[in-house]
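Taking it in order: structure first as structure tokens, then the write-up.
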Amino acid sequence: MNKTTKKGNNATDSINPFEEMIARLNMAASIVKLDKDVYEIIKSPEKQIHVSLPIKMDNGSTVVFEGHRVIHSTALGPSKGGIRYSMDVNTDEVKALAAWMAFKCAIADIPYGGAKGGIKCDPRSMSKGELERLTRTYTAAMADIFGVDKDIPAPDMNTGQQEMAWIVDEFSKISGAFTPGIVTGKPLHLGGSLGRVEATGRGVVVSALQAMEKLGMDPTKCTAAVQGFGNVGSITAMHFVKHGVKVVGISDHTAAFYNEKGIDIQKAIAYRDKNKGVLKGFKGGTLIKNEEVLTLKVDVIAPCAMEDQITARTNAHKIKAKLIVEGANGPTTANADKILNDKGVTIVPDILANGGGVTVSYFEWVQNRTGYYYSEDEINKRADNWMKKAFENVWQTSVKYKVSMRIAAYIFALEKIEKGIKSRGSY
Ligand code: GLU
């Protein structure tokens, strides 16, 4: 996938997540004068695995699905990153997401490299049995790749505890030993961690509050709009409300709503859970066009859906928020960044803002290895502190180099990965 789009003012968005990643990597590398050899190593994934997964469907036919796993870097530890199920999955998307995981783990200061997996499928049109067979077949195909000290998957778009439980089971059968530490984001009864489900959204809000403090914004006087109402978007919206931010706009792929008095997020979550996981038909606000949610007149927007939602071509110039906190991976293109930077909008970038999820994944993995399980309170406190520290590191880097937080985040990650690569040496 490589759609290049043009706009009247000549601004272009490549709309290819891997190119978007490389554009930022190049900027950061030139600012810190990154060692040329290190740059060559960091810009390409270490390993790419692409498999065909034949699945017997409920109607008796066989469908062959495309499965991917990309390991971007293991310079700082075993690779870590989720698996997504979506029709948009393609090689370049998974490559970009794998690189972002490597940078995210470096910023979060957890001892991992980065990876990502994906299966091109439409999980909403598949039965539970079909999804189970697909997940098990993918796990078997990746059995030599995954490993507690090698490569540790987790949930991502359209995957969750159930898929992780199937992976634990399939991997344990193949390896002959119960191996809960092979994935994170598992159900609690299989060695999951308290606080993991909420961790990403919670971290998005922790980083938003840190940014508000730096920018002198009082959360209780701020309004927000959240794009995406899956695990990340809904928990982000819920935590915004907990901290006094009025959430006036929400959306998912089926509908978008505005309510100037503030949307009752608990009601929206309850509605979604009873309504096949979607917001369509929700009565807690006025129906607006889906694309309007990001351009509402609010103080903060949190894109928590998917890549390339804020582009130079479509909406960057229309954004009215002062602060963007990226719950999704890659929601803003490099050309949109330029427009937003010129407008003075602060962006807390994905590889910082949504690092709460993988941070608690790390705690889950540690708990699996030690066999000792922390309380939810302990996990949340540790995760919040971890996020605050990561935010401060990136903020200070942006002050030091006089760059946006996005480029600062890349610089911080590159400098750390560079140390890993150099100290381990190469042939
Ligand atoms: N899929 C999540 C992410 O993009 C979590 C990854 C993990 O916990 O390994 O950060």
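Each value in this text was obtained by applying a stated rule to the coordinates, not by laboratory testing. Predicted, not measured: the structure shown is a model, and the values here were computed from it. Please note: Cβ atoms are built from the backbone with ideal geometry, for glycine as well, and neighbour counts cover all protein chains shown.
Quote to one decimal, in nm, the extra length available between Phe178 and Thr370 on full extension: 0.36 nm per residue of separation minus the C-alpha distance between them.
Difference between extended and current length: 67.7 nm.
I'd like to verify something in the chain: which complete DSSP H helices, judged by Cα projection on the helix axis, reach 18 Å or more and average at least -1.0 on the Kyte-Doolittle scale?
Counting only whole DSSP H runs, the qualifying helices are 17-31, 91-108, 128-141, 161-175, 196-215, 356-370, 405-424.
Work out the charge dipole of segment 377-427 with +1 on the Cβ of Lys and Arg and -1 on the Cβ of Asp and Glu about the Cα centre, then indicate which of Val403, Leu414, Gly425 is farthest towards its positive end.
So the residue furthest toward the plus end is Gly425.
Grab the DSSP H runs of the chain that are 4 residues or longer, score each as -39,500 (n - 2.57), total them, divide by all residues and round the 222 nm result to the nearest 500 deg cm²/dmol.
-14000 deg cm²/dmol
Among 407-415, 334-342, 163-171, what's the highest-first ranking by average C-beta atoms within 10 angstrom per residue?
Highest-to-lowest ranking by the protection proxy: 407-415, 163-171, 334-342.
Taking a quarter of the surface of the Cα convex hull of segment 32-123, what do you get in nm²?
6.8
Can you tell me the mean projection area, over all orientations, of the convex hull of segment 217-290's alpha carbons? Units nm², please.
Computed as one quarter of the Cα hull surface, the answer is 4.4 nm².
Based on Cα positions only, what radius of gyration and what Dmax would you give for segment 207-260, in angstroms?
My reading of the Cα-based Rg and Dmax gives 11.4, 35 Å.
Cβ under 11 Å from Pro155's Cβ, Pro155 left aside: what net charge do those residues give with Lys, Arg +1 and Asp, Glu -1?
+1
Which semi-axis lengths, in whole Å and largest first, follow from the square roots of five times the eigenvalues of the Cα gyration tensor of segment 337-427?
29, 20, 10
Hey, how much of the P(r) for the chain falls beyond 38 Å, as a percent of Cα pairs?
16
For segment 187-316, what does the equivalent ellipsoid look like in terms of its semi-axes, each the square root of 5 times an eigenvalue of the Cα gyration tensor, given largest first in whole Å?
22, 20, 15
So which residue, out of Met27, Met387, Met157, gets the largest mean-square fluctuation from a GNM of the chain using Cα contacts under 10 Å as springs?
So, out of Met27, Met387, Met157, the one fluctuating most is Met27.
Consider just the alpha-carbon atoms of segment 334-386 and return their Rg together with their Dmax, both in angstrom.
16.6, 50
Over all alpha-carbon pairs in segment 239-380, figure out the percentage whose distance exceeds 23 Å.
So the pairs more than 23 Å apart make up 45 percent of the total in segment 239-380.
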